[in-house]
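Colleague: A single structure is presented below for examination.
The values are calculated or read from the model by the stated rules, or taken from the named source; none is laboratory data. Remember, predicted model here, so these are calculated numbers, not experimental data. Every residue, glycine among them, receives a Cβ derived from its backbone with ideal geometry; neighbour counts consider all protein chains shown. Note: areas computed on protein heavy atoms with side chains; ligands, DNA, RNA excluded. Shrake-Rupley method; radii C 1.70, N 1.55, O 1.52, S 1.80 Å.
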Amino acid sequence: MSGLKIAIIGAGSVGFTKKLMTDIVSVPELRDAEFALTDVSEHNLSMIEQILGRIVEANGLPTKITATTDRRAAIAGAKYIISCVRVGGLEAYADDIRIPLKYGVDQCVGDTICAGGILYGQRNIPVILDFCKDIREVAAPGALFLNYANPMAMNTWAAIEYGGVNTVGLCHGVQHGGEQIAAVLGAKHGELDFVCSGINHQTWFIDVRFKGRKVGKDELVAAFEAHPVYSQQEKVRIDVLKRFGVYSTESNGHLSEYLPWYRKRPEEIGRWIDMSDWIHGETGGYLRYSTESRNWFETDFPRFLEEAGKPLDHGKRSSEHASHILEALETGRVYRGHFNVKNNGVITNLPADAIIESPGFVDRFGINMASGITLPEACAATCLSSINVQRMSVHAAVTGDLDLLKLAVLHDPLVGAICSPDEVWQMVDEMVVAQAKWLPQFAGEIDGAKARLAKATVKTRDWQGAARRDVRTVDVVRAESAKKRALELDEAARPSL
């Protein structure tokens, strides 16, 4: 595959970029590719360039690593462009969590829908469209844009509808949900098969087979309730399973903020979440985790660089889709996965223009979706609520229509369960003012929003949420990580009974 160029935008997401690269070079035919890294942060770009360079050197790979803050130069001639950007970084993300809390909206992640996810999309979409312009103009003909960035559906929707490039959205929620189902059923590798379909972060295991036998709702509920860990960590998912009859891909924390029922009363949130890890529902949990990870990496970079010098185990390829898609497209070896694409009839009871996440197959001929899937009615209804929010959000981001943005937030399931229209209008004004430097499409609206805020009558509160934790120090994170790793190694060393 000499001459193959893979551009990674937002390569300063150091850990994820390392995973993508090591996955891809686990494919022998892809090892002589060029990885063109680009990021707005020269500091982060330098760190990942050093780490990947050390991996290449230590393993004697023919892989070429280049790095530049000139995005267009990185994209030039690339056949594959991967995006894992977070526009506004942790500074903007903190506002996605902080400001809605003033209005009673308690989010765990806030990067898909809900108030935080919608504003995240407003920041990302103009930048995504800039990426698409560069891809159209300087990338290799027929280049494929692989979007890993959230909000997944909104970004992918904008790239396809307004960016005019061949785009697929990629996530790992289906893989992780499948691993949970295998664990509770006691399924070994190759014994579990399933059809999972819906929209990103609201995808549903509508057909589960264990050793070829169809697994019903009652069996799955009993298996999850009997599991010593998941029975405590996944209370929202288990409750939805009981009521809807199907299991959702998304973590307890994610799912709880996409629905109007589990986080609307502060005194009840504790009933549905688990504080053993951020992903199970902690207020602003992913913001805390991301902040701690950044601080830890900055402090321990020399150690991470040293670890990059160890030999790769190409047999430990992750389940992230990107390397498998590239392998299928370049070699013809067929790959089955779950991909975010425009619906166009793939799911019969969701709109044609929606971005759906559903099974497909990849080979030399491209990504081919399995069509004609019909979701259970409750699953479709839940997805439709989010799709309508996503559609309005995308159009607002492209046009700079502040009233449409407010309507999108008003129609969000969790926000609508908590906030009055007046509260939504003021909250959105406050968010766009706070994030104005990342929202060029709303430049003409900022002065008006400031004037309205100066005369605001809606009362807010200084609230940290129902289940907030403080950011831990680097020393504490390092010690807890070492303890967790030691327990994992001890468990792996125990003889099976």
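Colleague: Against the globular-protein guess of 2.2 N^0.38 Å, express the Cα radius of gyration of the stretch 395-477 as a ratio, rounded to two decimals.
Modeller: 1.33
Colleague: Could you give P(r) for the stretch 250-365, binned at 5 Å from zero, as whole percent values over all Cα-Cα pairs?
Modeller: In order of increasing distance, the bins hold 2, 9, 10, 10, 12, 15, 16, 14, 7, 4, 1 percent.
Colleague: Would you calculate the convex hull of the Cα atoms in the stretch 1-115 and tell me its volume per residue in Å³?
Modeller: 111
Colleague: The chain: percent of C-alpha pairs farther apart than 39 Å?
Modeller: Of the Cα pairs, 21 percent sit more than 39 Å apart.
Colleague: Considering only protein heavy atoms, what is the solvent-accessible area of I206 at a probe of 1.4 Å, reported in Å² to the nearest 10?
Modeller: 40
Colleague: Then there's this: So what is the accessible area of the stretch 1-88 per residue, in Å², with the probe set to 1.4 Å?
Modeller: 37
Colleague: Which lysines, if any, have their Cα less than 29 Å from the Cα of K79, not counting same-chain residues under 8 positions apart?
Modeller: K5, K18, K19, K64, K133, K316, K342
Colleague: Can you give the relative contact order of the chain as a percent, counting alpha carbon pairs under 8 Å and 6+ residues apart?
Modeller: Worked out over the chain, it gives 18 percent.
Colleague: Next question. Leaving out ligands, DNA and RNA, what percent of the accessible area of the stretch 6-116 is carbon and sulfur, probe 1.4 Å?
Modeller: The nonpolar share, carbon plus sulfur, comes to 48 percent.
Colleague: How much of the accessible area of the stretch 207-257, probe 1.4 Å, is carbon plus sulfur, in whole percent?
Modeller: Carbon with sulfur: 48 percent of the solvent-accessible area.
Colleague: For the stretch 298-372, how big is the tail of P(r) above 15 Å, as a whole percent of Cα pairs?
Modeller: Tail of P(r) above 15 Å: 66 percent of Cα pairs.
Colleague: Enumerate the helices in the chain for which the Kyte-Doolittle hydropathy averages 0.5 or more and the C-alpha atoms extend at least 27 Å along the helix's axis, using complete DSSP H runs.
Modeller: Span-like helices, by this rule, are 377-399.
Colleague: So what are the stretch 289-334's ellipsoid semi-axes, whole angstrom, largest first, if each one is the square root of 5 times an eigenvalue of the alpha-carbon gyration tensor?
Modeller: Three semi-axes, in Å: 31, 15, 8.
Colleague: Could you calculate the FRET efficiency of H314 with W261 from 1/(1 + (r/R0)^6), where r is the beta carbon distance between them and R0 is 41 Å, rounded to 0.05?
Modeller: 0.35
Colleague: Tell me the volume per residue, in Å³, of the convex hull enclosing the alpha carbons of the stretch 393-432.
Modeller: Hull volume normalised by residue count: 57 Å³.
Colleague: Still on this structure, I have one more. Hey, with R₀ at 25 Å, roughly what FRET efficiency would A381 and R333 work out to, going by the Cβ-Cβ distance, to 0.05?
Modeller: 0.05
Colleague: Can you tell me which of 50-63, 251-264, 322-335 comes out highest on packing, and rank the rest after it, using the mean Cβ neighbours within 10 Å?
Modeller: In descending order of packing, they fall as 251-264, 322-335, 50-63.
Colleague: Leaving out ligands, DNA and RNA, and with a 1.4 Å probe, what % of the accessible surface on the stretch 266-380 is carbon or sulfur?
Modeller: Looking at the stretch 266-380 in its full context, I get 53 percent from C and S.
Colleague: Still on this model: Under 22 Å Cα to Cα from K235, which lysines show up? Leave out anything in the same chain fewer than 8 places away.
Modeller: Of all the lysines, those that pass the test against K235 - Cα under 22 Å, at least 8 places apart if same chain - are K217, K264.
Colleague: Still on this structure, I have one more. If only Cα atoms are counted, what is the Rg of the stretch 79-166, and what is its Dmax, in Å?
Modeller: Answer for the stretch 79-166, Rg first and Dmax second: 14.3, 48 Å.
Colleague: What size of dipole, in debye to the nearest 20, comes out for the stretch 108-177 about its Cα centre when the only charges are +1 on Lys and Arg C-beta atoms and -1 on Asp and Glu C-beta atoms?
Modeller: Dipole magnitude for the stretch 108-177 comes out near 40 debye.
Colleague: Next up: Once you wrap a convex hull around the alpha carbon atoms of the stretch 176-285, what is its projected area averaged over all directions, in nm²?
Modeller: 6.7
Colleague: Taking 41 Å as R0, compute the FRET efficiency from the Cβ-Cβ separation of R364 and E307 and round it to 0.05.
Modeller: 0.70
Colleague: Where the centroid of each part is defined by its Cα atoms, how far is the stretch 310-372 from the stretch 139-188 in Å?
Modeller: What the calculation gives is 8 Å, centre to centre.
Colleague: For the ranges 238-245, 163-170, what's the packing order if you count other beta-carbon atoms within 10 Å of each residue, average per peptide, and put the highest first?
Modeller: 163-170, 238-245
Colleague: Report, to two decimal places, the Cα Rg of the stretch 128-200 normalised by 2.2 N^0.38 Å (N = number of residues).
Modeller: So the Cα radius of gyration is 1.48 times the expected 2.2 N^0.38 Å.
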